[in-house]
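Reviewing the structure listed below.
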Amino acid sequence: MEFLDFRPYQAGDDTRNLDPYLYARTGEFVVREYARSQQLPVTIALDLSASMLSDPSGKFERAKQIAQLFGFIALASGDRVQLAVTEADKTLLSPRWHGAARADYMFDWVDKREARNEGNFIDTLRALPQHLPSRGLVIAVSDWWDDDFEPVLNMLRALDQEVIAIQVLSPHEIDPSGMDQGIVTLEDAETGQEIELSIDAQLLDQYRAVFAERQDRLHGLFTARHWHLLTVSTQDDLGQLFTHTLRAKGVLS
């Protein structure tokens, strides 16, 4: 970050941030504000809802890997990193780590998280404001299947947060072409509600149309706020994602 501003020294300020040149000219103790603001507070919200386990393609494990990689990049950049999940209907926050030497603690904390049918991802995001530092970055890793995210996004924007959303989906959620056709019973992973459907080519086309419309609407919520939403398949290569895709979209520099 570049220099932001000067402000008068206050008791408790780090004296290393005092500007000696202004003191020599004015005799007043003045703090260089940018020196206090170089560390970016990064909060990574991870979805533990049951829909993350609804596909054998490893959606939840891939989401954890993505959270860990973002966390490591932030730690290696000198930023402060904290993770947030919902467990037992309560928001659980990790310690706030700083420095790449703390990466193993962050990896271990994420590895211990398990997807479960308790609450939903909106609850996790809704509980964040009371824990968020000002002007931070929120990285939200989820399948984003919940509805009505707009009020939560408005709340994060009002708190001057930047949001990067990573949507992790299985290949069948993106394109169900490989599904067996015929009479099948589908169960909602989070509510347990069952529905019997006759799957044929026409129904799959209808799904694709509804899915595309929903994706456009979801992406619109983020682009309208100048934020990023990136949809990732569990089959996507993570090396390509972090070394090329995220850089090409301006998410990483």
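The values are calculated or read from the model by the stated rules, or taken from the named source; none is laboratory data. The structure displayed is predicted, hence computed values, not measured ones. No Cβ is skipped: glycine too gets one built from the backbone with ideal geometry, and neighbour counts run over all protein chains shown. Remember, those area values only see protein heavy atoms, side chains included, never the ligands or the DNA or RNA. Shrake-Rupley method; radii C 1.70, N 1.55, O 1.52, S 1.80 Å.
Within region 45-64, can you find the residues that are touching a Phe, Trp or Tyr at 6+ places or on another chain (Cβ under 7 Å) and hydroxyl-bearing (Ser, Thr, Tyr)?
49, 51
Being of a type outside the set (Ser, Thr, Tyr), at pLDDT below 95 and surrounded by 16 or more Cβ atoms within 10 Å (Cβ to Cβ) is true for just one of 246, 230. Which residue is that?
Sole residue among the options that is of a type outside the set (Ser, Thr, Tyr), at pLDDT below 95 and surrounded by 16 or more Cβ atoms within 10 Å (Cβ to Cβ): 246.
Residue 83 passes all but one of (1) touching a helix residue (DSSP H, G or I) at 6+ places or on another chain (Cβ under 6 Å); (2) crowded, with 18+ Cβ neighbours inside 10 Å; (3) of a type in the set (A, V, I, L, M); which number fails?
Answer for residue 83: the failing condition is (1).
With the requirement that a residue be open to solvent by 10 Å² or more (accessible area, probe 1.4 Å), among the charged types (D, E, K, R) and either at positive phi or assigned to a loop (DSSP other than H, G, I, E, B) (or both), what does region 37-76 give you?
55
Need pairs with beta-carbon distance below 6 Å; first residue more than 19 Å from residue 63 (Cβ to Cβ) and within region 222-235, second open to solvent by 20 Å² or more (accessible area, probe 1.4 Å); sequence gap 6+ or separate chains.
225/157
Using beta carbons and a limit of 7 Å, which pairs, at least six apart or on different chains, have the first residue in region 84-100 and closer than 17 Å to residue 140 by Cβ and small (Gly, Ala, Ser) and the second one outside any strand (DSSP E or B) and open to solvent by less than 50 Å² (accessible area, probe 1.4 Å)?
Qualifying pairs under 7 Å: 84/124; 84/128; 94/109.
With respect to residue 19, is the statement that it is crowded, with 17+ Cβ neighbours inside 10 Å, in contact with a Ser or Thr (Cβ under 6 Å, 6 or more places away or on another chain) and not hydroxyl-bearing (Ser, Thr, Tyr) true? Let's see the steps before the verdict.
On the way: crowded, with 17+ Cβ neighbours inside 10 Å: yes; in contact with a Ser or Thr (Cβ under 6 Å, 6 or more places away or on another chain): no; not hydroxyl-bearing (Ser, Thr, Tyr): yes.
Answer is no for this residue.
Check off (1) open to solvent by 60 Å² or more (accessible area, probe 1.4 Å); (2) among the charged types (D, E, K, R); (3) out of contact with any Ser or Thr (no Cβ under 8 Å at 6 or more places or on another chain) for residue 173 and give me the number that stays unchecked.
(1)
Can you report the number of residues in region 186-213 which are open to solvent by less than 30 Å² (accessible area, probe 1.4 Å) and either at pLDDT 95 or above or assigned to a helix (DSSP H, G or I) (or both)?
Residues meeting the conditions: 2.
With open to solvent by 30 Å² or more (accessible area, probe 1.4 Å), in contact (Cβ under 8 Å) with a residue 24 or more places away in the chain and out of contact with any strand residue (DSSP E or B) (no Cβ under 7 Å at 6 or more places or on another chain) as the only criterion, which of 157, 217 stands out?
Only one candidate qualifies: 157.
Tell me which residues, restricted to region 98-154, are within 26 Å of residue 72 (Cβ to Cβ), open to solvent by 80 Å² or more (accessible area, probe 1.4 Å) and not polar (S, T, N, Q).
Of everything in region 98-154, those that are within 26 Å of residue 72 (Cβ to Cβ), open to solvent by 80 Å² or more (accessible area, probe 1.4 Å) and not polar (S, T, N, Q) turn out to be 98, 101, 102, 104, 105, 111, 112, 114, 135.
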